[in-house]
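Worksheet for the structure shown next.
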Amino acid sequence: MNKIYIIGVLVVSMTLVAQENNNSFNRWSIEANVGLNKPVRPYTENYYSSNPKNYFNFSPVNHFNIGARYMMSEVFGAKLDFSYDKMENQKNSQSLPFQATQYNISLQGVVNLGNLLQFYTFTNRFNLLAHGGVSVSQFTPKMGVYKNITEDNGGVVLGLTPQLRITNRIVLTGDFSTLTNVRQHYNWDGMSLSNRDNNLTGLLYTTSLGLTFYLGGNETHADWYVKEGNNKDAPTTDIEARKRIAELEKMMNDVDRDGVPDYLDAQNNTPNGVIVDAKGRFIDTNKNGVPDELESNSTANKNEKPLTETSDAMRSLVEKGYVNIFFDVNQDFPNTGSTNTVFQMIQFLKSNPTIKVKLFGYADLRGGENTNKELSNRRAQNVYKILIASGINKNRIDTKAQGVDKSFTADDKGSLNLARRVSVILE
């Protein structure tokens, strides 16, 4: 029992030390399996668990296993298993009768072979884990002279676990494992002490079927998590797609920060704070090269025509989805580059008291789904509060949290900057 206690302490220590450096997937799971065991060696003469003349032998269910697993990444993890095995001669095996039990606890490392071998390129339902580690067990004969004499054994466990995903929370598993006891004094039949003073090598096969239950608040567990850029459908796996993304990033630059991307901006040097039309051009009714807003005695201040043209320009931008307010990483207040856009939006709504708008909040693909949903909601709400504080009637503004903007899937700074925003749309 001291050995079992030590293994338990090691698992707890490992969990406390592990750092949660990626919240994109769940890490914990609980596993339960039932199946068959086949003790292979050693046996006393005339003892065996199945008929050696048959190619296939199927015993009643005699192997039970339950465990907990923790994945430190989408590839590597560890698990703690408890199992119970009953050994006895099968019907018509022609063996002398025997019966024994074994309780086993093992601490094993786990490798996600499916991720290493890129199973995600052809399936998202089937996966394969490999596991191996050390074990301690208590073996007890239930018949004969040595009945109920318990012996502690130590050994090594190796195995493979195919997985079939049923839902994001439940997985059907099979398991094929071998237990090699490097310190064993009893034969599996438990009826002989002829080798009591020697260390025997015990070999036991187990085959089982069971279920794995995933724990955690994220949508995906580490077993099925694919890093952005590794998925076969991700555009970053294609060199041409990478080039297109780089071109898009360049096109979406806004050098003069007038809210119009450079690729649409016909006037890429407008003064800061000046309202522009859909093509990024400032309003200049007298064609003197000076924005009307900057002329104290311009015709723009003497009649409503410039105001109408300005409002029409802003309406066009909003209708086409060009008005966006951007945010820094993990921030819910507009960044300094969006100050001008917020100001123009306030002026537009004040000049058009009948217009209603909807604020759609977005986040980039980093972080958990729930966290991003909340962040996108706070961003939309904060823009809403700014507009209300500026005198805009709250009944003219609606908000909606969109969560992650999945149209920007590239894991690069430029695309992610575009995803973190609040889009302004006319209702």
Original post:
In what sequence do LEU160, LEU359 fall when counting other Cβ within 10 Å, fewest first?
Top reply: LEU160, LEU359
**OP:** Extending each Cα 7 Å along its Cβ direction at THR285 and TYR84, get the distance between those two points in nm, one decimal.
**Re:** 9.0 nm
Original post:
Would you list ASP284, ASP405 from fewest to most Cβ contacts within 10 Å?
Top reply: ASP284, ASP405
Original post:
If you keep only loop residues by DSSP, which trypsin sites (Lys or Arg not before Pro) in the range 56-152 have at most 14 other Cβ atoms within 10 Å of their Cβ?
Top reply: LYS91, ARG125, LYS147
Original post:
What is the magnitude of the charge dipole of the range 64-125 about its Cα centre, with +1 placed on the Cβ of each Lys and Arg, -1 on the Cβ of each Asp and Glu, and no other charges, expressed in debye to the nearest 20?
Top reply: 120 debye
Subject >> Cβ-based net charge around ASN370, under 14 Å, with every Lys or Arg adding one and every Asp or Glu removing one >> reply: 0
Original post:
Roughly speaking, what is the stretch gain from VAL61 to PHE176, that is 0.36 nm per residue apart minus the C-alpha to C-alpha distance, in nm to one decimal?
Top reply: 39.9 nm
Subject >> Euclidean distance of C-alpha centroids, the range 110-167 and the range 341-375, integer Å >> reply: 51 Å
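None of the figures in this text is laboratory data; all of them are computed from the coordinates on show. Remember, it's a predicted structure, so these values are computed and weren't measured experimentally. Note that we place each Cβ from the backbone using ideal geometry, even for glycine, and neighbour counts take in every protein chain shown.
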